[in-house]
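One structure is given here, and the rest of the page talks about it.
The values are calculated or read from the model by the stated rules, or taken from the named source; none is laboratory data. These numbers were taken from a predicted model, which means no experiment stands behind them. Heads up, the Cβs are rebuilt from the backbone with ideal geometry, glycines too, and the neighbour counts pull from every protein chain shown.
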Amino acid sequence: MKSYSQLPYLDAFAKLREEVGKLDIFGRKDVLRRFISFSTNLQFFLPAIPYESHEQLFKKLCLQQHLSHLDQNHPQALRYVAPGTLDVLHAEVLKPTAGIICTYHTGSYRLINKMLMQQGVPFSLLVAGDVLAEEQADYLRIFRETAAEQNGGCFHLINAQHPKALLQLLGDLKRGRKLVVYLDGNSGTGNTLTVKNACAVHFFDKCLRVRKGVATLAYLAKCPIFPLICKRTNNAQIDFDVHPTIHPQLAASRAEFEQQTVQRLYKYLQVYTRVSPGDWEGWLHIHRYLVEGNSIGRGNDISHLKIW
């Protein structure tokens with residue numbers, strides 16, 4: 001699908017919406033495979049949504065994905081951030097101080113990186129190895145186009161699968177940088193989820209095994225977490241739900257803080273996706289992290305849980 005980044009923003013928006021509206025889900029094998037994953041997971045987690053609505057919700061998700069790429073590349077995209085949003089973000093999220101921006105694959109989820117670049121905030125973006133290989137050149141180009149000259153060198157890409165990623169991230173936080181993490185990407189060092197790098201959380205009435213690195217980093221670096229959900233209003237404006245800052249509770253044990261924090265962060269995602277299920281990219285792969293049974297039990301010990 002074309003990017004349309006050379007068109008005026010609203011014209012590009014309309015073109016993408018028109019193309020996605022014509023998408024033949026059942027006539028293309030690649031699209032059909034994605035729809036099957038989307039529909040199966042949506043039915044499993046949100047059975048109250050009738051199947052007849054799944055096709056339209058899937059197309060909404062496809063549009064969100066294309067718009068996210070458009071917003072990352074279009075020079076006019078930042079003009080369509082909702083009025084007052086920048087003021088809210090400047091209060092803490094866009095300050096050039098250490099902290100973890102914890103966000104999700106919803107709405108125009110790539111735009112927060114562009115906003116940090118434009119504001120000259122030193123930050124590191126944690127990405128999966130395959131994403132790094134595929135999109136590194138694009139990110140660096142966007143940084144060169146967006147950031148002011150005096151802010152050169154304030155953007156780093158870090159491979160989440162690198163064995164020394166944790167040390168790199170801790171070092172960046174200690175040096176006062178921001179860190180952007182997509183919690184629901186569930187990527188990190190070590191291919192196997194174990195009690196050392198993951199915890200079990202409730203998501204709707206199901207149980208997931210997910211990585212806890214965001215909470216681990218906050219606890220070890222003694223820095224705050226800024227939960228952020230990007231969303232798009234009906235008039236094409238981009239907005240953010242900014243949730244209360246999470247500060248490390250050093251009086252609690254590390255394991256307690258990790259469990260409570262990750263559960264809280266997934267609760268924010270659950271509340272949003274219940275209202276706007278067509279906005280979340282995670283429906284395409286959440287089945288990978290399901291565990292048997294609906295009860296977590298045994299505190300933070302997930303060694304007894306099996307991924308489906």
Helices (runs of 4 or more DSSP H) wholly inside segment 46-136 that include at least 2 residues being in contact with a helix residue (DSSP H, G or I) (Cβ under 6 Å, 6 or more places away or on another chain): 54-73, 111-119
Residue match in segment 125-145 (condition: touching a Pro at 6+ places or on another chain (Cβ under 6 Å) and either surrounded by 13 or more Cβ atoms within 10 Å (Cβ to Cβ) or of a type in the set (Phe, Trp, Tyr) (or both)): no
Single condition residue 207 does not satisfy, out of (1) closer than 25 Å to residue 43 by Cβ; (2) within 19 Å of the chain's Cα centre (by Cα): (2)
Residues of segment 36-58 satisfying the condition of being within 15 Å of residue 284 (Cβ to Cβ) and in contact (Cβ under 8 Å) with a residue 40 or more places away in the chain: 37, 38, 40, 41, 42, 44, 45, 46, 57, 58
Residue identified as more than 25 Å from residue 163 (Cα to Cα), modelled with pLDDT of 95 or more and either aromatic (Phe, Trp, Tyr) or not in a loop (DSSP other than H, G, I, E, B) (or both) among 269, 208: 269
Matching residues in segment 11-35 - criterion: being exposed (fewer than 12 other Cβ atoms within 10 Å of the Cβ) and either touching a residue at least 12 places away in the same chain (Cβ under 8 Å) or assigned to a helix (DSSP H, G or I) (or both): 11, 18, 21, 26, 27, 29, 30, 33
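For (1) assigned to a loop (DSSP other than H, G, I, E, B); (2) of a type in the set (Ser, Thr, Tyr); (3) crowded, with 22+ Cβ neighbours inside 10 Å, each residue gets a yes or a no:
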residue: 166; (1), (2), (3): no, no, no
residue: 172; (1), (2), (3): no, no, no
residue: 201; (1), (2), (3): no, no, yes
residue: 229; (1), (2), (3): no, no, yes
residue: 235; (1), (2), (3): yes, no, no
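Residues are listed down the side, and each one gets a yes or a no for (1) over 26 Å from residue 206 (Cα atoms); (2) surrounded by fewer than 13 Cβ atoms within 10 Å (Cβ to Cβ); (3) of a type in the set (Phe, Trp, Tyr):
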residue: 37; (1), (2), (3): no, no, no
residue: 43; (1), (2), (3): no, no, no
residue: 58; (1), (2), (3): no, no, yes
residue: 62; (1), (2), (3): no, no, no
residue: 73; (1), (2), (3): yes, no, no
residue: 80; (1), (2), (3): yes, no, yes
residue: 83; (1), (2), (3): yes, yes, no
residue: 86; (1), (2), (3): yes, no, no
Residues within segment 221-237 that are modelled with pLDDT of 95 or more, farther than 13 Å from residue 99 by Cβ and of a type in the set (A, V, I, L, M), tallied: 1
